[in-house]
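Only the coordinates and a few stated rules stand behind these numbers; no lab work does. Fair warning: this is a prediction, and the values are worked out from it, not measured in the lab. No Cβ is skipped: glycine too gets one built from the backbone with ideal geometry, and neighbour counts run over all protein chains shown.
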Amino acid sequence: VSDPGALVVGGIGELVTNASDVPGDLAVLHDAAVAIEAGTVVWVGDETRLPGPYRGLPVLDVAGRAVVPGFVDAHTHVVFAGDRADEFARRLGGERYEDRLAAGGGILSTVAATRAAGEDELVAQAADRVERMLRAGTTTIEIKSGYGLDVETERRMLRVAHRLGHELPVDVVATFLGAHVVPAEYRDRRDAYVDLVCGPMMDACAPLAEFCDVFCDEAAFDVDESRRILEAGIAHGLRPRVHADQLSRVGAARLAAEVGAVAADHLDHVSDEDLAALAEAGTVAVFLPGVSLSMRAPYPDARRAWDAGVTVAIATDCNPGTAWMERMSFMVALAAIEMGLTPSQSLWAATRGGALALARPDRGRLMPGDRGDLVVLDAPSHLHIPYRPDTDLVGAVVAAGRVVGR
Ligand code: NIG
Ligand code: FE
């Protein structure tokens, strides 16, 4: 008799548990098993010691393979319509991202396409992406609004995010990003747009979101505007997170620390003092290696943040402009090869770091009480993730104790 979400994963040659208080300590076990009941991990240890009561559960025997916690992708914009392949090609030819945006393209062209799309169409397009992400091992995903920039479309995007979480076996964390950029119709009335975001748009969207984000940069919102928006979010029960200092250093990381943001993301242009402030505030630094790759920008030094005592996460930032990338395993490879993290730090940042960046302490780790989310690798060790960056090494995905796709 098996209840859904009950399973023993056995025959694990190498098990990454992250069951440690030390960031980057993967707390690896060998010849291990994980027991899951009602979607929650109930036991982890040496397979020969599996307690009697769990011996009757259905078994997934992974025959000596490596197992890691499910990936937590803490920064995505997967709900969007249209694409920007033309913009990408022009950028490879030398066009600047900021110039396209200033000319009314870039994010604003995705806004036009998203406003024109119906809710079902947005669900269908995003579900296609999220399903691929899930099959690639992402079991928790943050999804932002931010391509609506009007009350109705921002709400629609957040409804789409919730529907994805109901229709697919992935846990969705929704973030309100009404302050992505100033839409064209408010171009000469920025203050009126900030009023809209902090007022009617926030009233309509807060019930559907957990976090409030703002793109605080020279091409988007300045520090004072961002502070107003994040504080309005806090007043509506939304926890703050920030797109910080991506294109230039405007003081966004400092603002994130000041408002007690859960996470500050991008961080291409932070100073040592900014990193010290993030460490002090307990704000997680989310690095987005796919953006540097797609933008052909220098990779930020994630190791410098790590060594400054900041909790580090990595995420895809999956979006049609700066990084249409879906696979967290590829981010692990990029962060290890290009951003100065060790392979252990990089994997930790993609699992436990992501969980902390979303304030979800019960995942990105495999300990009793945690969600039964894990990835079986077609490889003997987690080191193969950065070592073989273009091979699909995900053999099976378990989300809340259920094998995905079976
Ligand atoms: O995280 N930096 C701002 N927002 C996104 C890009 C969105 C877009 O270009 O469509 C980012 O990179
Ligand atoms: Fe982003």
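Summary of values
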read-out	value
Cα centroid of the range 325-358 to Cα centroid of the range 228-291, whole Å	19 Å
Among 235-248, 40-53, the order from most to least packed when residues are scored by Cβ within 10 Å on average	235-248, 40-53
Charge dipole of the chain about the Cα centre (unit charges at C-beta), most positive-ward option of Ser329, Gly45, Val284	Gly45
Under 5 Å, built H, 5+ apart or other chain: amide partners of Ala313	Ala285, Val286, Phe287
Residue-averaged 222 nm ellipticity for the chain, from DSSP H runs of 4+ at -39500 (n - 2.57), nearest 500	-10000 deg cm²/dmol
Alpha carbon Rg of the range 105-194, scaled by the compact-globule rule 2.2 N^0.38 Å	1.15
Of Ala350, Ala335, Ala38, the one that fluctuates the most in a GNM where the chain has Cα springs shorter than 10 Å	Ala38
Isotropically averaged projected area of the range 119-257, using the convex hull of Cα atoms (one quarter of hull area), nm²	8.5 nm²
Order by protection proxy (mean Cβ within 10 Å, highest first), peptides 145-155, 112-122, 214-224	145-155, 214-224, 112-122
The range 47-191: relative contact order as a whole-number percent, Cα under 8 Å and 6+ apart	27 percent
Amide H partners (placed H, <5 Å) of Gly45, local residues excluded	Ala33
Per principal axis, descending, Cα span of the range 298-406 in whole Å	41, 32, 30
Extended-chain gain in nm, criterion 0.36 nm per residue less alpha-carbon gap, Ala85 and Asp203	39.0 nm
For Ser381, distant residues with modelled amide H under 5 Å away	Ala66
Net charge over other residues, Cβ less than 12 angstrom from the Cβ of Arg227 (K, R count +1; D, E count -1)	-3
Tilt relative to the chain, helix 223-235 - C-alpha long axis, 0 to 90 degrees, to 10	60 degrees
Net +/- balance of residues flanking Arg360 in space, Cβ distance below 14 Å, scoring K and R +1, D and E -1	-1
Whole-Å semi-axes of the ellipsoid equivalent to the range 33-147 (Cα gyration tensor, √5λ, descending)	44, 16, 11
Spacing of the two label points (7 Å from each Cα toward its C-beta) at Ala359 and Leu92, in nm	4.1 nm
Distance from the range 44-59 to the range 84-105 (C-alpha centre basis), Å	55 Å
Alpha carbon convex hull of the chain, volume per residue in cubic angstrom	124 Å³
Surrounding net charge for Arg55, when Lys and Arg each add one and Asp and Glu each subtract one, Cβ distance under 15 Å	-3
The range 299-406: relative contact order as a whole-number percent, Cα under 8 Å and 6+ apart	22 percent
Radius, Kirkwood style, for the range 17-73 when every pair of distinct Cα atoms is counted (Å)	12.8 Å
Equivalent ellipsoid, the range 1-96 (semi-axes from 5 times Cα gyration tensor eigenvalues, Å)	40, 18, 13
Sequence-separation-based contact order of the chain, relative, with Cα cut under 8 Å and 6+ spacing, percent	21 percent
